[in-house]
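Accompanying notes for the structure given below.
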Amino acid sequence: MASVGASLFSSRPALCWEFAALTDVGRVRAHNEDAVHVDPELGLTVLADGMGGYKGGEVASAMAVSLLHASFARWFAQAGLQAPARVVRRALQAATDEANASILHAGTTNAELQGMGTTLVLAAFRPQRVLVGHIGDSRCYRLRNNKLELLTRDHSLRQQQLDAGAITPEEALSSPTRNLVTRAVGVEAQVLLEMHEHSARPGDLYMLCSDGLSEMITDAQLFTLLEHDVGLQKKAQLLVAIANDNGGRDNISVVLARADVGDTSRMAR
């Protein structure tokens, strides 16, 4: 992981990014409270998993992805790809602050939306680096050189219990606290977007997902599916299908981004 403030550029070849995204209601829930947004021109992907209130989760997640995208797009129009990592970090935190304030205001002024909030995972993909940010238990994984790595650490009570040694990894799989997050957008006046910067290499495959996917697919299954030699959109479809086959207990959302040498970024079809 690069140090804070490191440049997003070096002498290595520039990479282009291919994206795919999919969200599904799952097998149990009546409504889809997840939301995703991908903007290849900005290199920005955002995924949110909403919660609370009558349709509040749907509103919170939709607000989060749309407001974040709009704020980052305004910043990008001025700064462009040449902005250093520390400036990108500030832009992403500022965008998160805007979304947090708007969601909190909506939740406190509309009785039907009271108590709503959302998790968040996002990534800013650049020609040579990736900046990943998250709040809550939505995750980002990276497949590189036949190794799958979880790049985020859940902001959840279960993770705190794991860190403290109060439960074992085996117990965590069925823990009654697994869905209790300790950090969310739109719940308090301020929220910190945890961010980390990563170098990018040709062939890297990043996956952003809601817990409706990560809770329903084992790491072994996830590795096999991401390694499968099919197009990116087909990969997303397979991931959602397996999560549903395994029970589909929650809404399921996934965003995939693959690095290659080139000069354009695009959505997979």
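The values are calculated or read from the model by the stated rules, or taken from the named source; none is laboratory data. None of the values given here were measured: they were computed from a predicted structure. FYI the Cβ positions are ideal-geometry reconstructions off the backbone, even for glycines, and counts take in every protein chain you see. Heavy atoms of the whole protein, side chains included, go into the accessibility calculation; ligands, DNA and RNA do not. Shrake-Rupley method; radii C 1.70, N 1.55, O 1.52, S 1.80 Å.
Numbers below:
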quantity	calculated
Anisotropy class of region 113-185 from Cα gyration tensor, a/c 1.5 cut	oblate
Choice from Arg153, Arg90, Arg201 with maximal GNM fluctuation in the chain (Cα, 10 Å cutoff)	Arg90
Longest to shortest principal axis, alpha-carbon extents of region 32-261, angstrom	49, 46, 33
Cross-link reach list, aspartates and glutamates versus Lys55, counting only Cα pairs under 17 Å and skipping chain neighbours closer than eight places	Asp24, Glu33, Asp34, Glu112, Asp250
Karplus-derived HN-Hα couplings along region 112-129 (A = 6.51, B = -1.76, C = 1.60, θ = phi - 60°), whole Hz, x at Gly and Pro	6, 10, 4, x, 6, x, 7, 7, 7, 9, 9, 8, 9, 9, 10, x, 9, 9
Extension gain from Val28 to Thr168, taking 0.36 nm per residue of separation minus the Cα-Cα distance	47.6 nm
Span-like helix ranges in the chain, DSSP H, alpha carbon extent 24 angstrom or more, Kyte mean at least 0.0	56-79
Surface accessible to a 1.4 Å probe, per residue, for the residues of the chain, Å²	45 Å²
Between region 19-64 and region 86-161, the alpha-carbon center distance in angstrom	12 Å
Along principal axes, Cα extents of region 116-243, largest first, whole Å	39, 31, 28
Label-point separation in nm, Arg201 to His228, each point 7 Å along Cα→Cβ	2.5 nm
